[in-house]
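*Asks:* Mind looking over this structure? Questions follow.
The values are calculated or read from the model by the stated rules, or taken from the named source; none is laboratory data. Quick caveat, the model's predicted, so the values are computed rather than measured. Cβ placement follows ideal geometry from the backbone for every residue including glycine, while neighbour counts extend to all protein chains displayed. Remember, those area values only see protein heavy atoms, side chains included, never the ligands or the DNA or RNA. Shrake-Rupley method; radii C 1.70, N 1.55, O 1.52, S 1.80 Å.
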Amino acid sequence: MKISFLGQGIEPTSKNAVGNLLVKYLKEKKFNSFTGFSAFASEAGIYGLSGHINSAKKNFKNLTIIVGIDQGGTSKEALEEILSLNIESYIFYQKENPIFHPKFYLFEGTNDVKIILGSSNLTGTGLFTNIESSLLVEFNQTDKDGLALLSELKTYYKSLLNFTDPNIFKIDNKVINNFFLDGIVPDEATRKRNYSKGNSTSTGKKVNKSKVPKRSVPKVPSSIFPSKSKKSKSATVVPIAATVPVTTVTTSKNLVWKKLKLSNSDAQDVPAGTAITGNLKLAQARFKLGTTVIDQKTYFRNQVFNKLNWVKTKPHSATYEETFGVFDISISGKPIGKFTLKLSHDSSRVAGQGNTPTWLHWGRTVIPVLQKSSLSGKTLNLYEVNNDFLIDIV
């Protein structure tokens, strides 16, 4: 058994950064199983690994990731990135105060085993630029001490590794949205804000940075660990190596609503200094199912989006509900990306005036795209596509 120290972050270039080793080992054909435990995960951390994980599917029979969501350390977008990998993926969470905090990455093959145990989370900074320390344990399948260590690790985490623990949750859209709506999982912007080095201390006093010497810090290597472009920030599509076969899925596309001549308010195209609404009111718009005009008071909540997980999120309102749906968006025939968007419904919005109780909220990443595209007067088509939705604006 060989044990090596892995340090990163002190020097400007850390060749032994955990991220480098994960990328390296995911490419090696001698391994057929990967298991990763991480207390926290970020969108950048998972996205950077996604291409390597997808490529590893050629050789790996098992790919498993289990993450924690305590202290707002894992974002909604990170969980969506994990889900898009289509591997075994789970959240561990308990209501009690002790948090889920392990970090280890286990590679197993017919002859070789490597375990990385240390402080690196599945975040871009945790894998490459933070000052971290880990141990790399290497042995083969005939090493008694190594196998004993592996047995101890697997025995201790048995209920998590066999997915039987009562506090383990298989990652899917419903689980992600539930934890997000409950305020346990933040969005990526909030996670970054909470974990960034601000200009003040925990006491509220400003930090005098002039007294702190400057230091050269390492960077995430973009050549092996890509980051999302701003254009694809909310897209859940991950890069897949060209050698990985793509399965063709039969698509069922059904028009469920059409709105002619989008208003300035719907398109978020308003004069400078005017507040935007941030939402699209799902109105009647004279849309017909067959020969019958829809009743917008119930149609969207009870028919179009009835399969989504609606949750009452306002303690003082018995009528307000929220949910999240996955929407592909295209503008003038050009695909923009896949987005998870909030929907809200409140019957009290009607107030006897035929108003629209169901709203779609564009979100901070879609609004700038709409504003740049000058969509006032355009036609919006809403389709149901398998279990998700497509918005096509033409």
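*Asks:* Show me, for the stretch 326-334, the HN-Hα J-couplings you get by feeding each phi into the Karplus relation (A = 6.51, B = -1.76, C = 1.60, θ = phi - 60°), rounded to Hz, glycine and proline as x.
*Replies:* For the stretch 326-334, the Karplus curve yields 9, 10, 7, 10, 10, 10, 6, x, 9 Hz.
*Asks:* Please get the size of the charge dipole for the stretch 1-57, origin at its Cα centre, with Cβ charges of +1 on Lys and Arg and -1 on Asp and Glu, quoted in debye to the nearest 20.
*Replies:* 340 debye
*Asks:* Let me ask something additional. What is the set of long-range amide H partners of Q8 at a cut-off below 5 Å, with H atoms built 1.01 Å from backbone N?
*Replies:* E132
*Asks:* Would you calculate the separation in nanometres between label points at Q141 and N302, each defined as 7 Å from the Cα along the Cα-to-beta-carbon direction?
*Replies:* Roughly 6.0 nm, to one decimal.
*Asks:* Here is a follow-up. K334 versus S210, label points 7 Å from Cα toward the beta carbon: distance in nm?
*Replies:* About 4.7 nm separates the two model spin labels.
*Asks:* So for the stretch 1-152, Kirkwood radius off the Cα pairs, Stokes-Einstein at 20 °C and 1.002 mPa s: how many µm² s⁻¹?
*Replies:* Taking Rh from Cα pairs, D becomes 136 µm²/s.
*Asks:* Mind putting a number on the dipole of the stretch 155-195 about its Cα centre? Charges go on the C-beta only, +1 for Lys and Arg and -1 for Asp and Glu, and I need it in Debye to the nearest 20.
*Replies:* Roughly 120 debye for the stretch 155-195.
*Asks:* Now, a different point. How high is the relative contact order of the stretch 81-217, in percent, with contacts defined as C-alpha pairs under 8 Å that are six or more residues apart?
*Replies:* 20 percent
*Asks:* With every protein chain present, what is the per residue accessible area of the chain (1.4 Å probe, Å²)?
*Replies:* Per residue, the chain has an accessible area of 53 Å².
*Asks:* Another question, then. Just name one of T110, S89, I393: the one whose Cα is farthest towards the positive end of the charge dipole of the chain (beta-carbon charges, Lys/Arg +1, Asp/Glu -1).
*Replies:* I393
*Asks:* Starting at 0 and stepping by 5 Å, how many percent of the alpha carbon pairs of the stretch 254-389 end up in each bin?
*Replies:* Pairs per bin, as whole percents: 2, 9, 18, 23, 22, 16, 7, 2, 0.
*Asks:* Then there is this: If I model a spin label at I99 and A189 as a point 7 Å from the Cα along the Cα→Cβ vector, what separation in nanometres do I get?
*Replies:* Label at I99, label at A189, 2.3 nm between them.
*Asks:* Could you pull out the pairs from K24/K158; K24/K76; K192/K297 whose alpha carbons sit more than 31 Å apart here?
*Replies:* Among K24/K158; K24/K76; K192/K297, the Cα-Cα distance tops 31 Å for K192/K297.
*Asks:* Given Cβ point charges of +1 (Lys, Arg) and -1 (Asp, Glu) and nothing else, what value in debye, to the nearest 20, does the dipole of the chain about its Cα centre take?
*Replies:* 1220 debye
*Asks:* Return the FRET efficiency for the residue pair S223, H316: r is the Cβ-Cβ distance, R0 is 30 Å, and the value is rounded to the nearest 0.05.
*Replies:* Using R0 = 30 Å, I get an efficiency of 0.05.
*Asks:* Also, quick follow-up: Reachable aspartates and glutamates from K228, Cα under 18 Å, same-chain residues fewer than 8 places away excluded?
*Replies:* E43, E77, E80, E81, D187, E188, D328
*Asks:* Relative to the present Cα-Cα distance, how much length would full extension add between K58 and Q371 at 0.36 nm per residue of separation?
*Replies:* Going from the current span to full extension adds 108.5 nm.
*Asks:* Antiparallel versus total DSSP beta bridges in the chain: what percent is that, nearest 5?
*Replies:* Here the share of antiparallel DSSP bridges comes out near 80 percent.
*Asks:* In addition: Which FRET efficiency value, to the nearest 0.05, do you get for K174 and S119 by plugging their Cβ-Cβ distance into 1/(1 + (r/R0)^6) with R0 = 41 Å?
*Replies:* For R0 = 41 Å, the calculated efficiency reads 0.80.
*Asks:* Follow-up. With all protein chains present and a 1.4 Å probe, how do D346, D145, D295 order by accessible area, largest first?
*Replies:* Most to least solvent-accessible, the answer reads D145, D295, D346.
*Asks:* Moving on. With the full set of protein chains in place, find how many percent of the accessible area of the stretch 81-135 is carbon and sulfur; take the probe as 1.4 Å.
*Replies:* The C+S portion of the solvent-accessible surface of the stretch 81-135 is 48 percent.
*Asks:* Separate question: If you stretched the chain out fully between D165 and E88, how much longer would it get, using 0.36 nm times the residue separation minus the C-alpha to C-alpha distance?
*Replies:* Additional length available on full extension: 26.2 nm.
*Asks:* So, one more: Based on a Kirkwood Rh over C-alpha pairs, give the Stokes-Einstein translational diffusion coefficient of the stretch 297-366 at 37 °C and viscosity 0.692 mPa s in µm²/s.
*Replies:* 246 µm²/s
*Asks:* Another question, then. Counting only helical runs of four or more DSSP H residues, what would the 222 nm mean residue ellipticity of the chain come to if each run contributes -39,500 (n - 2.57) and the total is spread over all its residues?
*Replies:* Dividing the helical sum by the residues of the chain leaves -6000 deg cm²/dmol.
*Asks:* What is the local net charge at L135, summed over the other residues whose Cβ is closer than 13 Å to its Cβ (Lys, Arg +1; Asp, Glu -1)?
*Replies:* Net charge around L135: +1.
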